[in-house]
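Engineer: Sharing a structure, written as structure tokens. Questions coming.
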Amino acid sequence: MSEGERTTIDKSESSSFEDLASAAAHEIEEAKLADAASAKIDKKDEKPQEEWQDVLGSGALLKKIIEQGDEASGERPQRSDICRISYELRLQDDPKNIIEKRDNLKIYLGDNEILQGLDLALTLMYRGEACLLRIAPRFAYGDSGLKPGESLGLVGEVDSPKYDGEPIGPETWLEASLKLHDWTEESEHETLPIAERMEIGIRRRCRGNWWYGRGESQLAVQLYRRALDVLDESEGGISDPTTSGDMEPASEALHALLEERLRVHNNMAAAQLKAGAYEAALQAVTRVLTCQPRNAKALYRKSRILTAMGRNSEALEAARAAAALAPGDIGVRKELSKCEQKATRDRSVEKKLAKRMLGTAGQSKPEPEKKPSRAKMFIWSSLLLSFLVGVASVLVYRYKMQSE
């Protein structure tokens, strides 16, 4: 990717996609301050707290500590830290119905690789701490809920298992057992081998796809951007670090990394389109087409983006290019048909406007005189003849009467 293509996303673009964790950052900081102010100086003999704490102050996330962590250090994980956790997620009204259970899972804090309620709670936990959580639907499965057969979107698994429990509705609260074992800071991406960067990028893209499938476009965009953080090249290009410190090019691995990066850009364009960020979506899909001008999916999405922006002629051009590359794709054919219909309407409007500008819209051409048809002439001739015969009969009758 060229230096120009590595331009960072501007402030107005990034501000359109603040995730719920960022939206709740102020509330979390206030909770941290309140927690620190109420902490006792001597905590050696402190017992686990038995009461529920309102983490956000809104009642949407409640926490009960069941095992104290290392509060003496005062250290808590920060955003992007790699946390090692164990958790069990279940229905609050039916604790026996276990939704997810994972042990010693490594997650990137703040990336929404787990449910948002778990992600938010971790920012207020100490090393070794274990707690119970009650999570409102907003920070769980949201308005979409979760139906049997739907993917759980478990992070780190490309083919995530399906949910096989009772349907989870939009008003369903969850309960969770959560333990924070430890955490480490995220490594600099430039120091990671290409294979590891690929693994992290794919992991984030798959989780972003899960959020996109649930209609959470902003969360999907956040994951796609984090994927690009590790997939985008740095100064001097991407290469595998060696023990000697020399940087040797890895052409095959680099090509695979480029393919994955373009795949993420393509998916991000779809999510940004759905979120209404058309300019950002167009930038993302343009990056793909710069490297892969014959990418039918990217051309299809470009057509949809341009249509949403009202640039119908450009949209039609992109749709025709996509249809030429993927003639059997139903979605592409539908998009082309829509673009052609809009083009027809646009031409009609342009003609009407041209007539108005020329002052000819109200003028109508004189209609040519219509000649009566033969059938009508025959009918009228018959009626006239009958009339004349009748008049003649009357005259003859009167003449005879006068003669007598």
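Engineer: So ALA321 fits all but one of (1) at pLDDT 95 or above; (2) out of contact with any Ser or Thr (no Cβ under 9 Å at 6 or more places or on another chain); what number is the exception?
Structural biologist: All conditions are met except number (2).
Engineer: If I filter region 159-178 for residues that are part of a loop (DSSP other than H, G, I, E, B), open to solvent by less than 10 Å² (accessible area, probe 1.4 Å) and not basic (Lys, Arg), do I get at least one hit?
Structural biologist: Within region 159-178, one or more residues are part of a loop (DSSP other than H, G, I, E, B), open to solvent by less than 10 Å² (accessible area, probe 1.4 Å) and not basic (Lys, Arg).
Engineer: Additional query: LEU115 passes all but one of (1) open to solvent by less than 20 Å² (accessible area, probe 1.4 Å); (2) more than 28 Å from GLU199 (Cβ to Cβ); which number fails?
Structural biologist: (2)
Engineer: Still on this structure: Can you tell me how many residues in region 55-85 are under 23 Å from TRP173 (Cβ atoms), in a loop (DSSP other than H, G, I, E, B) and open to solvent by 30 Å² or more (accessible area, probe 1.4 Å)?
Structural biologist: Residues flagged as under 23 Å from TRP173 (Cβ atoms), in a loop (DSSP other than H, G, I, E, B) and open to solvent by 30 Å² or more (accessible area, probe 1.4 Å) within region 55-85 amount to 2.
Engineer: Right, here's the next one. Hey, could you check region 187-219 for residues that are assigned to a loop (DSSP other than H, G, I, E, B) and farther than 20 Å from GLN116 by Cα and say which is least open to solvent (accessible area, probe 1.4 Å)?
Structural biologist: Per the criteria, the residue is LEU192.
Engineer: Let me ask something additional. Filter the helices (runs of 4 or more DSSP H) completely within region 248-354 down to those with at least 1 residues that are surrounded by 13 or more Cβ atoms within 10 Å (Cβ to Cβ) and acidic (Asp, Glu).
Structural biologist: In region 248-354, the matching helices (runs of 4 or more DSSP H) lie at 251-275, 278-291, 312-325.
Engineer: Out of everything in region 283-310 that is under 14 Å from the mean Cα position of the chain (by Cα) and touching a residue at least 24 places away in the same chain (Cβ under 8 Å), what residue ends up being nearest to LEU325 (Cα to Cα)?
Structural biologist: That would be ARG301.
Engineer: Filter region 86-112 for residues that are surrounded by 19 or more Cβ atoms within 10 Å (Cβ to Cβ) and β-branched (Val, Ile, Thr) and give the result.
Structural biologist: Once the filter is applied, which keeps residues that are surrounded by 19 or more Cβ atoms within 10 Å (Cβ to Cβ) and β-branched (Val, Ile, Thr), region 86-112 yields ILE99, ILE107.
Engineer: Quick check on GLY156: is it open to solvent by 10 Å² or more (accessible area, probe 1.4 Å), over 16 Å from ARG207 (Cβ atoms) and in a loop (DSSP other than H, G, I, E, B)?
Structural biologist: No; evaluated as a whole, the condition is false for this residue.
Engineer: Go through the residues of region 368-381 one by one and say whether even a single one is touching a Pro at 6+ places or on another chain (Cβ under 9 Å), modelled with pLDDT under 80, surrounded by 10 or more Cβ atoms within 10 Å (Cβ to Cβ) and not polar (S, T, N, Q).
Structural biologist: yes
Engineer: Which residue, of ALA130, ALA140, is within 27 Å of the chain's Cα centre (by Cα) and surrounded by 16 or more Cβ atoms within 10 Å (Cβ to Cβ)?
Structural biologist: Answer to the selection: ALA140.
Engineer: To continue, here is another question. Being touching a residue at least 40 places away in the same chain (Cβ under 8 Å) and on the phi > 0 side of the Ramachandran plot narrows it down to one residue among GLY128, GLY117; which is it?
Structural biologist: Going through GLY128, GLY117 in turn, the sole match is GLY128.
Engineer: Which condition from (1) without any contact (Cβ under 8 Å) to a residue 12 or more places away in the chain; (2) more than 25 Å from GLU260 (Cβ to Cβ); (3) of a type in the set (Ser, Thr, Tyr) is the one that SER177 breaks?
Structural biologist: Single failed check for SER177: (1).
The values are calculated or read from the model by the stated rules, or taken from the named source; none is laboratory data. If you're wondering where the values come from, they're calculated on a predicted model, not measured in any experiment. We place every Cβ from the backbone using ideal geometry, glycine too, and count neighbours over all the protein chains shown. Heavy atoms of the whole protein, side chains included, go into the accessibility calculation; ligands, DNA and RNA do not. Shrake-Rupley method; radii C 1.70, N 1.55, O 1.52, S 1.80 Å.
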